[in-house]
Structure formats: structure tokens, C-alpha cells
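Note sheet for the following structure.
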């Protein structure tokens, strides 16, 4: 069933790509949402389904855009307590606890951050027609800390653009086994699927460009506390890059030691700070999530380097 329908007559002086035309006329929608409408046959040019996103429009052509009714979602909102750091009518900033998956996936059909968010803000149900309403970026299940969500399509598109243009400053705290080769540094190493173990990521020449910066905050007998700034957003980037430096994240049994060096039950990685310009604003805001109790207690119990 069609919920809404828009009809345009293209009258521009010169030719233009269809996707660019749609972006101009539906600025509140994400580019992926518009591409999905084209792919699924809901965009017609001269009464025929558009062939592709890059189809060229000529003067006099008629463009019809049909918006289908939202598909029912199987995600049932769950009243799970959220640690909300900031919220307005456009965005939500949450301090995600370790052990919580961001969105439903194989083996995690309930209890995710998305399920909790849908109970907290029901208006996000079906946002962007996706199964991950509001999700702009992700954190691993065992990583705690800040995660940002959009509450409407326009905000979703704006935030995605900020991440794409690398205008978001993300700061993590990572306790690593041993110490990096230098107290501070920059890692530029491409990341892709590990050819030997497809469920893992690795530094591979055929991977996508990935850049991380790190700074030493404290040194201990067997560990180092680092502040890490991922300048790109590849899957498992910080964990892969630190393992590449031979100082894997403590407790990371996938990319580090098989037998954890810390009695934690998870790896020591926390999304500590986030700075971003929010939709409708001109200056960046900064948010911070304090170190959770399990990490703070473990850190306090570590033996300082001077005592070795």
C-alpha cells in the first residue's frame, strides 16, 4: 500500500542525476533511504520504474515518488533502563553498558540497545524504513560508553554526513597488554576481513584505509592505559590496530592473548568522549561517559610501573 505520493516535472536547464534530484527535493531523508526507494521500484520516470540511481533526467520528464506504508517490525520495545547522557527532539546520546548489543543480530533477537530505545522514544519506530532505527554508528557488545542515535530522518542523514566527513571526534580509553612502541603515535594500516578467519578483521593490504592515534595516559607493571582517537570507523578498528602494534587490548581473547591478563570478563575498551555538531546547530557539543565501575576498580588495583 502507498502511504504518500509525490509527482514532479523536471524543468531544469540542464540534465541531472536522479539521485541528486531526489536529495534536493527530500532533504529530510537519508541517501540510503532514497536509494532503497529507487531499488524497490517506488520511483518512476515517465511512468516507468527508474533504472538506477544515476539515471539522467532531461527537461520535461515526469518523476513520481511513492512512499510505501512502513513495514511492520518484529522488534518489540522493551522497557530496559537507559543511561541517557543527552537528549533533545532530534538526537539521543546514551552511555551503553558492556554486554549490550546495539541492534538485533543472529543470536540477539531481544535485549538490544535498539529495543530499549524504542521503549524510551516510540516515535523512532520504523525510522528510515530500516531495522536499525536511529543507529548512526556502533559499538562492540563488550565495549561500553557513548553512542549517538538520531530521532528523525533528517537528523539521521545529518549525523551520517558528519561521520562520513570525519567531523566527529571520538575518544576511547583502552588498557593494553604491555606497551606500544612509542608513548604516542599514529597507526595508518588498512583493515579488511582476515583471509584465514573470515569472522575476524585484520590489517591487510587489500583492506579499507584506517587511521588511529594514541596517547599514553598511565603506565603499569604489565599494562598501559591509552587514549585512542579513531579517525576512521572500520569494524574492530581500535582492537585490530593495537594488536598490530603488539599491545592488544587487555582481555581481548579474539585479537590478543587467549588467556586474559585481567580478571574482568570482557576487554578493557570504553567510548569515553564524543564531540559533534548536532542537527540545527553551528558549534560542536562535547559529551563524556565516566569510566564504568568494573573498569575503574580494576584500574585502581593495577601495580604502578615504578613498583616493578
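The values are calculated or read from the model by the stated rules, or taken from the named source; none is laboratory data. Quantities reported herein were computed from a predicted structural model and do not represent experimental measurements. Cβ atoms come from the backbone with ideal geometry, glycine included; neighbour counts cover every protein chain shown.
Quick notes on this structure:
- Residues in segment 269-305 that are farther than 15 Å from residue 93 by Cα, touching a strand residue (DSSP E or B) at 6+ places or on another chain (Cβ under 9 Å) and exposed (fewer than 14 other Cβ atoms within 10 Å of the Cβ): 303, 304.
- Residue in segment 67-83 that is modelled with pLDDT of 90 or more, surrounded by fewer than 17 Cβ atoms within 10 Å (Cβ to Cβ), closer than 24 Å to residue 276 by Cα and assigned by TED's automatic domain parsing to the domain that holds residue 118 present: yes
- Identity of the residue in segment 11-52, under 21 Å from residue 136 (Cβ atoms) and outside any helix (DSSP H, G or I), that ends up farthest from the chain's Cα centre (by Cα): 26
- Taking segment 186-196 as the range and being in a strand (DSSP E or B) and touching a residue at least 40 places away in the same chain (Cβ under 8 Å) as the test, the residues that pass are 187, 191.
- Looking only at residues in segment 156-184 that are touching a residue at least 40 places away in the same chain (Cβ under 8 Å) and over 19 Å from the mean Cα position of the chain (by Cα), the one that is surrounded by the most Cβ atoms within 10 Å (Cβ to Cβ) is 176.
- In segment 140-155, of all residues being in a strand (DSSP E or B) and out of contact with any helix residue (DSSP H, G or I) (no Cβ under 8 Å at 6 or more places or on another chain), the one that is surrounded by the fewest Cβ atoms within 10 Å (Cβ to Cβ) corresponds to 146.
- Selected residue (only one of 31, 51 is closer than 30 Å to residue 134 by Cβ and outside the structural domain of residue 155 (by TED's automatic domain parsing)): 31
- Just one of the listed residues (199, 246) is closer than 27 Å to residue 304 by Cα and in a loop (DSSP other than H, G, I, E, B), and it is 246.
- The single condition from (1) under 19 Å from residue 179 (Cα atoms); (2) crowded, with 17+ Cβ neighbours inside 10 Å; (3) without any contact (Cβ under 8 Å) to a residue 40 or more places away in the chain that residue 207 fails is (1).
- Scanning segment 210-228 for residues that are free of Cβ contacts under 8 Å to residues at least 40 places away in the same chain and not in a strand (DSSP E or B) yields a count of 1.
- One residue stands out in segment 118-129 among those that are out of contact with any helix residue (DSSP H, G or I) (no Cβ under 8 Å at 6 or more places or on another chain) and farther than 18 Å from residue 289 by Cβ: the one that is modelled with the lowest pLDDT, namely 126.
- Checked against (1) within 16 Å of residue 68 (Cβ to Cβ); (2) surrounded by 12 or more Cβ atoms within 10 Å (Cβ to Cβ), residue 4 passes all but condition (2).
- Residue tally, condition outside any strand (DSSP E or B) and either in contact (Cβ under 8 Å) with a residue 40 or more places away in the chain or farther than 23 Å from residue 239 by Cα (or both), over segment 254-289: 18
- The listed residue being at pLDDT 85 or above and surrounded by fewer than 20 Cβ atoms within 10 Å (Cβ to Cβ), out of 115, 103, 108, 137: 137
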